[in-house]
Amino acid sequence: MAITTFAQLMEKAREAGPKTVAIAAAQEKEILLAAQDAEKQNLCECILVGDRAIITEIAQEDSIEIRRMMIIHEPDLRLAARKVMELVNLGHAQIAMKGKIETGDFLRAALDKEAGLRVGRLLTHVGIFEIPGFDRLIFISDAGVVVAPTMEQKIEIVQNAIYVAQRLGVEQPRVAILAATEMVNPKIPTTLDAANLSKMADRGQIKGGLIDGPLALDNAISLESAQIKGIKSDVAGQADILIPPDVEAANVLAKAITYFAKGNMAGVVVGGKSPVIVSSRSDPHETKLVSMALGVLLATRE
């Protein structure tokens, strides 16, 4: 059965946990609160990599319980990120998580050819959104890793998003390849990419989901809009996964959902040896906690 709420996601993760998460640059209040809650709920066992003195000071000032957590002292942020990748590679952790460190520095460690988490696939970010008024979770990719995806990279972005949706119980996710219009227009290259991706799915080159595009956002998620425009599609109006043209469009869409629609978000980077959690430094600990739960589900062997 498909997971349709974050409450269900948390419950499934508690059943699957605990997993060990290694957190780079853990010297930040919201990160420590999320780690505390994850351990209390038996989701994760946390390894804190960062400045021990600052971590301890924050925990004491805010009464955060970290006594059961291993702390590895590494004040250098980039070295802390590399240490997290080392812990995953050695099997001491199943999930890597970003703390108070720039996303670019953290991802460079994850992408390092020698010490990182590459396994020959493209690493992509998949955001999951619980939106008021929707009867399902919405998946958006890629809003954080691949800046201007090529056609080949879009194939992997779609395939990775399908994988995440399936792990959350959506057996055959509906994937909308977004553009400014639902009409194929040679003057708008993104519509050509969308049409190609749709046809590739028809030919079995992308597996596991129903894919259609180009679709504008309205007719991707609104059945009424799709019907008014006369779009006949198994995806239009019913999309589970939205694939914007590039990282800018995806990032704006994600933030619009959280700030305008008051949606809740979780996110994970997939395609590597383990799930990688790259939450924003401005995210509250509740968002970080749900992302950890998502990481637990993805780190659980099928």
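The values are calculated or read from the model by the stated rules, or taken from the named source; none is laboratory data. Since this is a predicted model, take the numbers as computed values, not measurements. In this analysis, Cβ positions are derived from the backbone assuming ideal geometry, glycine residues included, and neighbour counts consider all displayed protein chains.
Which residues, taken from segment 220-245, are part of a loop (DSSP other than H, G, I, E, B) and either surrounded by 18 or more Cβ atoms within 10 Å (Cβ to Cβ) or touching a helix residue (DSSP H, G or I) at 6+ places or on another chain (Cβ under 8 Å) (or both)? Full working, then the answer.
Of segment 220-245, the ones part of a loop (DSSP other than H, G, I, E, B) are 222, 229-240, 244-245.
Matches in segment 220-245: LYS229, ILE231, SER233, VAL235, ALA236, GLY237, GLN238, ALA239, ASP240, PRO244, PRO245.
When you check PHE129 against the structure, is it farther than 20 Å from THR300 by Cα, hydrophobic (A, V, I, L, M, F, W, C) and at pLDDT 95 or above, yes or no?
yes
To keep it simple, each residue is scored yes or no on (1) under 22 Å from the mean Cα position of the chain (by Cα); (2) of a type in the set (Gly, Ala, Ser); (3) more than 22 Å from LEU122 (Cα to Cα).
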| site | (1), (2), (3) |
| --- | --- |
| VAL158 | yes, no, no |
| ILE177 | yes, no, no |
| PRO214 | no, no, yes |
| LEU217 | yes, no, yes |
| ASP234 | no, no, yes |
| ASP246 | yes, no, no |
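Out of segment 114-152, which residues are among the acidic types (Asp, Glu) and touching a Ser or Thr at 6+ places or on another chain (Cβ under 9 Å)?
Across segment 114-152, the qualifying residues are GLU130, ASP135, ASP142.
Out of all the residues in segment 71-89, is one or more basic (Lys, Arg) and crowded, with 24+ Cβ neighbours inside 10 Å?
No: segment 71-89 contains no residue that is basic (Lys, Arg) and crowded, with 24+ Cβ neighbours inside 10 Å.
From the residues in segment 247-279 that are in contact with a helix residue (DSSP H, G or I) (Cβ under 8 Å, 6 or more places away or on another chain) and assigned to a loop (DSSP other than H, G, I, E, B), which one is surrounded by the fewest Cβ atoms within 10 Å (Cβ to Cβ)? Don't jump to the end; show me each part of the working.
Quick first cut of segment 247-279, residues in contact with a helix residue (DSSP H, G or I) (Cβ under 8 Å, 6 or more places away or on another chain) only: 253, 263-279.
Then drop every residue that is not assigned to a loop (DSSP other than H, G, I, E, B), which leaves 263, 271-275, 278-279.
On the way: GLY263: 18, GLY271: 23, GLY272: 21, LYS273: 16, SER274: 25, PRO275: 28, VAL278: 20, SER279: 26.
Among them, the one singled out is LYS273.
Taking the condition of being surrounded by 21 or more Cβ atoms within 10 Å (Cβ to Cβ) and either outside any helix (DSSP H, G or I) or hydroxyl-bearing (Ser, Thr, Tyr) (or both), how many residues in segment 103-121 meet it?
2
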